[in-house]
Amino acid sequence: MLAYHVALRKHLTSILQLGLTPRTEANAARYGEQGDAVYCFTSMASCEDALMNWLGEIFEEDESLIILTVRIDGLKTRPVEVEWEVAILETVSPERIVGAVDEAGAPVPLAG
């Protein structure tokens, strides 16, 4: 199963080295996220919709974002209140990151 995670582009190098680690972000409670997890969208359409609305409001206008495509099959997850989101309870290793695009949908290289 594929899922989609929004990240700051400036963190891409670190993400590709260490993966995505479960954590609680500063605005998490405001948006219904509870506890440490890697929060992902279950479809690209849901991710894009969130970026055009509530999620887009979190980031500063000058911050460059990327959408990472990750394979989540076999990872430990927990239910969330909405059907368009999944909470992953363990580190998503770099090998599970299979693609990335920028906010305009242009591919972002995953290797040097």
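The values are calculated or read from the model by the stated rules, or taken from the named source; none is laboratory data. This structure is a prediction, so every number in the text was calculated from the model and none was measured. Every residue, glycine as well, gets a Cβ built from its backbone with ideal geometry; the counts of neighbours run over all protein chains shown.
At a glance:
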| quantity | calculated |
| --- | --- |
| Some residue of region 16-31 being at pLDDT 95 or above, part of a loop (DSSP other than H, G, I, E, B) and under 21 Å from residue 107 (Cβ atoms) | yes |
| Unique residue being over 26 Å from residue 95 (Cα atoms), surrounded by fewer than 18 Cβ atoms within 10 Å (Cβ to Cβ), at pLDDT 80 or above and out of contact with any helix residue (DSSP H, G or I) (no Cβ under 7 Å at 6 or more places or on another chain) when the list is 73, 49, 62 | 49 |
| Region 69-110, subset without any contact (Cβ under 8 Å) to a residue 40 or more places away in the chain and among the small types (Gly, Ala, Ser), residue nearest to residue 56 (Cα to Cα) | 104 |
| Every residue from region 10-26 that is surrounded by 15 or more Cβ atoms within 10 Å (Cβ to Cβ) and either hydroxyl-bearing (Ser, Thr, Tyr) or at negative phi (or both) | 12, 15, 16, 20, 22 |
| Flag if residue 7 is in contact (Cβ under 8 Å) with a residue 60 or more places away in the chain, among the small types (Gly, Ala, Ser) and surrounded by 15 or more Cβ atoms within 10 Å (Cβ to Cβ) | yes |
